[in-house]
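Taking it in order: structure first as structure tokens, then the write-up.
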Amino acid sequence: LYTIAGEENGIEKLTALAKSDPFKALDYIALTENLIREELAKGKTGGEEDEDGKAPEKKRTNAPKPPSPVGGPSSRAFDVSDDSLSADEWARRRTAQLEKRKKG
């Protein structure tokens, strides 16, 4: 409806059509919606084809590889906000985590 309202006299045309034949008005809205979906689908595929319909080549960069994260996966092994653990298991893991921090 936003798109139809953006057309010149769009709302007036739709209102007149709805008064004369409501089903044609629904068909018009559905057709407009399909056209919008097609346009949006073009945008998802990039939409920047050249004259031959081929997508442009991806740009390559000379940037270095991103650094590896500090600390290993063991530093993220226990999540204090994990609700899936029982209270006893949570307390055991939390205590172990705090003990590890004291040593390190």
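The values are calculated or read from the model by the stated rules, or taken from the named source; none is laboratory data. Predicted, not measured: the structure shown is a model, and the values here were computed from it. Positions of Cβ are generated from backbone atoms using ideal geometry, with glycine treated the same way; all protein chains shown enter the neighbour counts.
Asp79 passes every criterion in (1) farther than 27 Å from Tyr2 by Cβ; (2) charged (D, E, K, R); (3) exposed (fewer than 10 other Cβ atoms within 10 Å of the Cβ); (4) at pLDDT below 80 apart from (3). A Cβ distance below 8 Å, combined with a sequence gap of six or more or placement on separate chains, defines the contacts here; from the range 89-104, residues that are in a helix (DSSP H, G or I) reach residues that are surrounded by 10 or more Cβ atoms within 10 Å (Cβ to Cβ) in the pairs Trp90/Asp82; Arg93/Phe78; Arg93/Leu85; Arg94/Phe78; Ala96/Phe78; Gln97/Phe78. When the residues of the range 24-52 are filtered to those that are surrounded by 11 or more Cβ atoms within 10 Å (Cβ to Cβ) and assigned to a loop (DSSP other than H, G, I, E, B), the one that is modelled with the lowest pLDDT is Gly47.
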